[in-house]
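Have a look at the structure below before the remarks.
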Amino acid sequence: MRQRISWVDCWKGIATVLIVFGHVLDFNITKYVFWFHMPLFLFISGYMYKEEHNYLSFFKKNFLRLIVPYISFLILFSIPTITTYIHGIFVNKQLDSLSTLIIFALKQFYGGEMLGDCFALFWLITCLFFTKQLYNFIYTKFGSEKWLMNIIMLDVYCLATIDCLLFRDVVFPWNIDIVLMALPFYWLGHMASQQSNIFNSIKLISIALFTLCTMFVIDKFSYLEFTFDMRNKIYGVPIINFITAIAGIIIVQTIAKTITKTKFFDKVICEIGGASMIIIYLHQPIQITLQKVPFLNESTMRLFAALLIPYLIYKVISNFSVTRKFLLGEFKSVSNIKLKGYQM
């Protein structure tokens, strides 16, 4: 069991590093990371999924784990802007600051694509939360029929493609429509956890590597657009980009298992995996701040800082019960919640 946890933590650490890469480095470089870095994060989450028939308990557990830190960081990051508007209202007597403050507050509540800059990755948290809820409901109802789950997930993927083609400009609250694209990756992660030896297949790894190399060449010489950006609802070429994402996930998993054989790198990457949520929340404001500092705005420096500083903050806040609860979502009593009348 410990061996499995080790490489999964390493897997999560690599996924976190790739997410930071995607925001710090130039998009022309990270375009290929975008092909699979968000699907990878969702796939890993699905890999760790445990079936729960008590829907309210499952909802509460994930609300405390994901949404409480989401709200906490949303408020913390919003305080400077809110303070500026309040100062404008009461000190400078700028009445237009009141309407601006209200609009800002509504956008913060609406979430998703309405959030930018320091909040650029907040959509992932709400997307993951709703993905978990919907998948748990679907799986507990139809999971025993694999053929039916296959059909459901295919239908969901088709709906995601339709949403991308017809409703790309429609901004849904909390980017909830992206759940349609997240569900198939989450489902595949769960299926992979039930057949973990599938990753030992040299043939599968070879096919994945060949797929990625082929896609790289095609992207260089083709007029087709293979950009995959879940936040902005850009899903590239249907089926092809989905298969490419799965290929990337397989390759990263292989790298993770290789890293676990080297104690030093295993420990470093696993530590990053353990601090993944804090790094996801904090890396963007840190690297945006460093962009404004002449001698610190070099991409390598920002990348290093965007990983190291959130990690150090994680080590500090993990030592206090209040910050563990509200910033990490670690409510120890969650696992012991008993909600009578909701057993299903």
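Any read-out appearing in this document is the output of simple, stated calculations on the displayed coordinates, not a laboratory observation. Just so you know, these numbers come straight off a predicted model, no measurement behind them. Note that each Cβ is placed from the backbone with ideal geometry, even for glycine, and that neighbours are counted across all protein chains shown.
General observations
- Volume per residue of the C-alpha convex hull in the stretch 243-333, rounded to whole Å³: 156 Å³
- Whole-Hz ³J(HN,Hα) from phi, Karplus 6.51 cos²θ - 1.76 cosθ + 1.60, for the stretch 256-261, glycine and proline x: 4, 5, 5, 5, 4, 7
- Dipole magnitude for the chain: computed about the Cα centre from +1 point charges on Lys and Arg Cβ and -1 point charges on Asp and Glu Cβ, it is near 1220 debye.
- Highest mean packing comes first when the peptides 98-109, 212-223, 246-257 are listed by Cβ atoms within 10 Å, giving 246-257, 98-109, 212-223.
- Alpha-carbon centroids, the stretch 295-323 and the stretch 177-241: separation in whole Å: 30 Å
- Sorting the segments 151-160, 235-244 by their mean number of nearby beta carbons within 10 angstrom, highest to lowest, gives 235-244, 151-160.
- Calculated log₁₀ intensity ratio I(q)/I(0) where the Debye formula runs over C-alpha points of the stretch 2-336, q = 0.09, 0.13, 0.16 Å⁻¹: -0.51, -1.09, -1.67
- Annotation: amide H of residue 94 within the under-5 Å range of 89, sequence separation 5 or more or interchain, hydrogens built in the peptide plane.
- Of 61/325; 203/263; 12/257; 267/315; 12/220, those spanning more than 21 Å from alpha-carbon to alpha-carbon: 203/263; 12/220
- Of 170, 133, 159, farthest towards positive along the dipole that unit charges on Lys, Arg, Asp, Glu beta carbons give the stretch 108-192: 133
- Dipole axis of the chain (+1 Lys, Arg; -1 Asp, Glu on Cβ), positive-most option in 239, 48, 297: 48
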